[in-house]
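I have a structure I would like to understand better, so I am pasting it below and will then ask my questions one at a time.
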Amino acid sequence: AGVSDGDAAAAVDLLARRLRGRDDVAEADLVKRADRRHDVRVDGVDDDARWRRLAAAAAGVAMPVVAAATGSEAWEVITAGVVVSAPGAEAQLYHADGVDELYNAFVPLVDVPSELGPTEFALRTHDDPHAVAKAPTLEWDDDYEKIAPELRRGDVVVFSFRTLHRGLPNAGDVPRPVLYITLGPPGSVDELNFERD
């Protein structure tokens, strides 16, 4: 999805700049998702053409997939950001990004072998209305098949906002930055994952 050599370093640098001098990182464009794992908005917050280019490339791959899955071509990018998992980050708890009819596309900015903690997905949880209630114990049960694909830089993974997933531990010695976009029908807003004024 159009990932260049400098994109991973730019994502890590962006996070470092946003964190500099802050004790509390919860704000409109920066959220601490777990220890050593941060989510930085890049849409409309940073005037860097790099993020617009990457979001457009991801959308070019993801929108046809979502259109085929839903039968609708009326989708737009409503959020774009980068999640950076630093070395030593532990596994996240399973979670869905919301309950709305939205879709995410993840694009790793580096190769993601198992030691860097790929994202693990619990398959078919987006279709189960009770799946979110099972999230706290999902690590130990076998109700759903789980996969954690090892991805190459620039690969694109598209999944429902309702799919239970989690970042696995980053046992490597480098950060794992992943660009993401959220697709929704025109006018949609992700009101759950970031503070709003």
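If only one of Val40, Val112 is out of contact with any helix residue (DSSP H, G or I) (no Cβ under 8 Å at 6 or more places or on another chain) and among the hydrophobic types (A, V, I, L, M, F, W, C), which one is it?
Values: Val40 fails: out of contact with any helix residue (DSSP H, G or I) (no Cβ under 8 Å at 6 or more places or on another chain).
Only one candidate passes the filter, namely Val112.
So how many residues does region 145-160 have that are closer than 13 Å to Tyr94 by Cα and not β-branched (Val, Ile, Thr)?
Applying the first criterion (closer than 13 Å to Tyr94 by Cα) to region 145-160 yields 146-148.
Filter once more, so that each one left must be not β-branched (Val, Ile, Thr): 146, 148.
Total satisfying the criteria: 2.
Ok, one more. Show me the strands (runs of 3 or more DSSP E) entirely contained within region 54-158 in which 3 or more residues are touching a residue at least 12 places away in the same chain (Cβ under 8 Å), in contact with a strand residue (DSSP E or B) (Cβ under 9 Å, 6 or more places away or on another chain) and over 16 Å from Ile181 (Cβ atoms). Break it down into steps so the answer makes sense when it comes.
Numbers: elements: 76-85, 103-108, 119-122.
Qualifying strands (runs of 3 or more DSSP E): 119-122.
Looking at Arg41, is it among the basic types (Lys, Arg) and open to solvent by less than 40 Å² (accessible area, probe 1.4 Å)?
On the way: among the basic types (Lys, Arg): yes; open to solvent by less than 40 Å² (accessible area, probe 1.4 Å): yes.
Yes, satisfied.
Hey, another quick one. Among the numbered conditions (1) open to solvent by less than 20 Å² (accessible area, probe 1.4 Å); (2) modelled with pLDDT under 90; (3) closer than 25 Å to Val132 by Cβ, tell me where Ala34 comes up short.
Answer for Ala34: the failing condition is (1).
Only residues that are of a type in the set (A, V, I, L, M) and surrounded by 18 or more Cβ atoms within 10 Å (Cβ to Cβ): list them for region 139-179, please. Lay out the reasoning, then the answer.
Pass one, region 139-179, residues of a type in the set (A, V, I, L, M): 147-148, 151, 156-158, 164, 168, 171, 174, 178-179.
Across region 139-179, the qualifying residues are Leu151, Val156, Val157, Val158, Leu164, Leu168, Val178, Leu179.
The values are calculated or read from the model by the stated rules, or taken from the named source; none is laboratory data. Remember, predicted model here, so these are calculated numbers, not experimental data. Cβ: placed from backbone, ideal geometry, glycine included. Neighbour counts: every protein chain shown. Quick note on the areas: whole protein, heavy atoms, side chains included, nothing else; ligands and nucleic acids left out. Shrake-Rupley method; radii C 1.70, N 1.55, O 1.52, S 1.80 Å.
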